[in-house]
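The values are calculated or read from the model by the stated rules, or taken from the named source; none is laboratory data. Treat the numbers as computed from the prediction; the structure is a model and nothing was measured. All Cβ positions, glycine included, derive from the backbone under ideal geometry; neighbour counts span all protein chains shown. Note: areas computed on protein heavy atoms with side chains; ligands, DNA, RNA excluded. Shrake-Rupley method; radii C 1.70, N 1.55, O 1.52, S 1.80 Å.
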Amino acid sequence: MESPSVPVASAPVRRPRVWTVLVAFVVLFGLLVIGSTLVTHIATSIEAAKAGVDLSDSVAQAALAEKVESLPWPTVALVMMVGTVALSLALLGGRLSPQPLRERLRLRAGVPLPAWAWLTAAVGCFAVGQCLESLAVLTGAWNWTGSLKGFQAASQGPLGTFALLLFFGSPVAGTAEELFFRGYVQTRLVDRWGPKAGVVGAATLFGLLHLDPIHGPITLVVALFLGWLAVHTGSVRLPIFVHILNNGASFLLGRYAPPSSEYPTSVHTALLCVSALLVVGAVVLLRRIPEAPKPAAPVVLAGA
């Protein structure tokens, strides 16, 4: 006579933890704040010494602050620091993970992409940024930004400074920020909270990092587009490519085209409408690409 089978209790499945990526973001954010404060202090001291200004004078301080905001090298220094730190944190976190580095950071190829998808994604990303930039100018919110004016000043600086900005702000920042935010952070948030919440969470952190009332929201929306690309294709390769091209085009336009704030209202209205149509068209076309398989069920993760 067969003995009755005894059900075997399965081990509880724990959801992937997110505190490791949040700690990494806090480190990056903290270093950015410290670095920004230090660079601003150094730049202010240098300019005060050149002009023989007493820093105890509040009126002189306000004038110096406005001058420092237009200097190109502080912006370049911060771009170099953020790119280096973000890349280091992403690679360190990936190495500490029990998953292989390429899998943890979504560096694998993902779904096959036709040639047109790369160009379409790049155009769509640039259109998102242009749409929001024109909206900011039309509403007058552009005057509230500090970092975007800093990038504009850096783009128009000496050729050597601009070359550093173009290198560290395009291939370095594009690669580093995507590996950190879409590869390291978003991958874990998606595993824990699902695609929609994971993309929104990573994009929110990306926007907060920019510490600017206008640049922050713009980068948040751009990050939603990049995050969707990463989830849809199952890889950060396309977002890295798009981010690099977007930054490079923005810096080149900042150097060789008139400042955005100088365009007439009619031009920005036209740019807003055309950019919105390009965004919609890009999303519609990219949705034709087969979506990457959904990630497997959450498992216990002992590493970062």
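Quick notes on this structure:
- Whole-number accessible area per residue in Å² for segment 184-231, which is evaluated in the context of all protein chains at 1.4 Å: 33 Å²
- Top positive-direction residue, dipole computed over the chain with Cβ charges, set VAL68, THR20, SER266: THR20
- Highest-fluctuation residue, PRO239, PRO217, PRO112 considered, GNM on the chain with Cα pairs under 10 Å: PRO112
- Once both labels are positioned 7 Å from their Cα atoms along Cα-to-Cβ, the gap between VAL111 and ALA257 label points is 3.0 nm.
- Separation between Cα centres of segment 20-57 and segment 96-144, rounded to whole Å: 29 Å
- Surface analysis of segment 41-177 yields an accessible area of 48 Å² per residue, using protein heavy atoms and a 1.4 Å probe.
- Unit charges on C-beta of K, R, D, E only; dipole of segment 152-304, Debye: 420 debye
- Accessible area of segment 151-304 belonging to carbon and sulfur atoms, whole % at 1.4 Å probe: 73 percent
- Debye log10 I(q)/I(0) for segment 72-143, one point scatterer per Cα, at q = 0.13, 0.24, 0.25, 0.27 Å⁻¹: -0.76, -0.98, -0.99, -1.01
- GNM result for the chain, Cα springs below 10 Å: residue of GLN130, GLN61, GLN99 fluctuating most strongly: GLN61
- Placing unit charges on the Cβ atoms of the charged side chains and taking the dipole of segment 211-304 about its Cα centre, the candidate lying farthest along the positive direction among VAL236, GLY216, ALA292 is ALA292.
- Placing +1 on the Cβ of every Lys and Arg and -1 on the Cβ of every Asp and Glu, with nothing else charged, gives segment 174-222 a dipole about its Cα centre of roughly 220 debye.
- Using Cβ point charges alone (K and R +1, D and E -1), the dipole size of the chain about the Cα centre works out to roughly 1120 debye.
- Just so you know, the Rg over Rh for segment 166-304 is 1.01, from Cα atoms, with Rh as the Kirkwood radius.
- The trypsin sites (Lys or Arg not before Pro) of segment 254-293 that meet both conditions, a loop assignment by DSSP and at most 14 other Cβ atoms within 10 Å of the site Cβ, are ARG287, ARG288.
- Count Lys and Arg as plus one, Asp and Glu as minus one, and take only other residues whose Cβ is under 15 Å from that of LEU105; the net charge is then +4.
- Cβ-based charge dipole, the chain, positive-most Cα from PRO112, LEU31, ASN143: PRO112
- Relative protection proxy for 23-34, 227-238, 66-77, from highest mean packing down: 227-238, 66-77, 23-34 (other beta-carbon atoms within 10 angstrom).
- Of all complete DSSP H helices in the chain, those with a Cα span along the helix axis of 30 Å or greater and a mean Kyte-Doolittle hydropathy of -1.0 or more are 19-51, 72-96, 115-139, 265-286.
- For the chain, the Kirkwood hydrodynamic radius comes to 20.9 Å, computed from all pairs of different C-alpha atoms.
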